[in-house]
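A short write-up of the structure that comes next.
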Amino acid sequence: MAGRFRPGFMSAAEIIGTVLGVIGVALMIRQNIWGWPVGLVQVAVYAWVFYDAKLYSDTILQVCFFLIQAYGWYFWLRNKHTAAHSDLPVTRLSGPALGGWVVLGLALSAGWGAWMHHATDAALPYWDAFILVFSLIAQWLQARKKLENWPGWLIVNTVAIGVYWAKDLRLTSGLYLIFWLMALWGWREWRRTMTQASQGAVS
């Protein structure tokens, strides 16, 4: 059980998770397939961190992340790639699809947060639920190379910074501040890739 580990272990786990998280996102911004296996290790580490902090929705989130990242690794490898770089095109969601994801995410966040509030001793259950649901949505969109994954991560990371700071996971809060800045970088880079691809198609 995670609660049996000494605080020093959890601090070491946070450090490892932080470093792997930054490396994984940087690889993802560059559309490098190795971002997926790095991410698999990172989410496994953070599953322990969040369980110890009684952030149960985030613990479940890491398990879901593991599955989606395994799918993303498979999906990017299955399609065209040059060495470790994915040549899959970056695309956008339609307006109705984007609206549908937002409505679904808010509804699931409210429902899951209510259940966690009444059924468990979860800390900050509604905010924790929001992070869980919208992180899954953003991760899925990233696996499908949809540009909207990056603004999704910006919103999730904004909430996560406050939640993890409140739970004294200071390294993790700092990590999500870095993720927030990297999401801006990723949004710009993927949008540039999409623009270049459309210009190439026209010419």
What's the ranking of 67-78, 36-47 by average number of surrounding C-beta atoms within 10 Å, highest first? 36-47, 67-78
Tally Lys and Arg at +1 and Asp and Glu at -1 over the other residues with C-beta under 11 Å from the C-beta of Tyr46: what net charge comes out? -3
Yeah, segment 46-160 with a ≥ b ≥ c from its alpha-carbon gyration tensor (a/c under 1.5 is rounded, else prolate when a/b outruns b/c, oblate otherwise) is oblate
What net charge is computed for the residues neighbouring Gln62, neighbours being all others with C-beta under 15 Å from the C-beta of Gln62, Lys and Arg scored +1, Asp and Glu -1? -3
Find out how many positive minus negative residues lie around Val156, taking Lys and Arg as positive, Asp and Glu as negative, among other residues whose Cβ is under 14 Å from that of Val156. -3
Find how much the distance from Thr193 to His81 grows on full extension, using 0.36 nm per residue of separation minus their present alpha carbon separation; answer in nm with one decimal. 38.9 nm
Can you compute the FRET efficiency between Ala110 and Leu67 using 1/(1 + (r/R0)^6), with r the Cβ-Cβ distance and R0 = 25 Å? Round to the nearest 0.05. 0.60
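Normalised by the number of residues in segment 82-132, what is the relative contact order in percent for Cα pairs under 8 Å and 6+ residues apart?
30
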Which value at 222 nm does the chain reach when only helices count, each DSSP H run of 4 or more adding -39,500 (n - 2.57), with the total divided by all residues and rounded to the nearest 500 deg cm²/dmol? -27500 deg cm²/dmol
With the contact rule set at Cα under 8 Å and sequence spacing of 6 or more, what percent relative contact order holds for segment 111-197? 22
Charge dipole of segment 49-203 built from unit charges on the beta carbon (Lys, Arg +1; Asp, Glu -1), centred at mean Cα; most positive-end Cα among Gln62, Trp187, Tyr164 is Trp187
Which of the peptides 106-113, 159-166 is most tightly packed, and how do the rest follow, going by the mean number of other Cβ atoms within 10 Å of each residue? 159-166, 106-113
Label-point separation (nm) for His117 and Thr91, each offset 7 Å from Cα along Cα-to-Cβ? 3.8
Amide hydrogen neighbours beyond the local backbone of His81, cut-off 5 Å, H modeled: Asp87
Looks like segment 100-203, by Cα gyration tensor root eigenvalues a ≥ b ≥ c and the a/c under 1.5 rounded cutoff (else prolate when a/b is bigger than b/c, oblate otherwise), is oblate
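Could you give the size of the charge dipole of the chain about its Cα centre, using +1 on the Cβ of each K and R and -1 on the Cβ of each D and E, expressed in debye and rounded to the nearest 20?
520
Do you know the relative contact order of the chain, to the nearest whole percent, from alpha carbon pairs under 8 angstrom that are 6+ apart? Let's see the in-between values first.
Working: 268 pairs, mean separation 42.1, N = 203.
Relative contact order comes out at 21 percent.
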Using the Cα gyration tensor of the chain, with a ≥ b ≥ c the square roots of its eigenvalues, what is the shape: rounded (a/c below 1.5), prolate (a/b larger than b/c) or oblate (neither)? prolate
With a 1.4 angstrom probe the carbon and sulfur portion of accessible area for the chain, in percent, totals 70
If I require 30 Å or longer along the helix axis, counting alpha carbons, and a Kyte-Doolittle average no lower than 0.0, what helices from the chain are left? Use full DSSP H segments. 7-29, 56-78, 95-119, 170-202
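The values are calculated or read from the model by the stated rules, or taken from the named source; none is laboratory data. All figures in this text were calculated on a predicted structure; none of them were measured in a lab. Neighbour counts run over all protein chains shown; Cβ positions are idealised from the backbone, glycine included. Accessible surface is based on the protein model in full, side chains and every heavy atom, while ligands, DNA and RNA are left aside. Shrake-Rupley method; radii C 1.70, N 1.55, O 1.52, S 1.80 Å.
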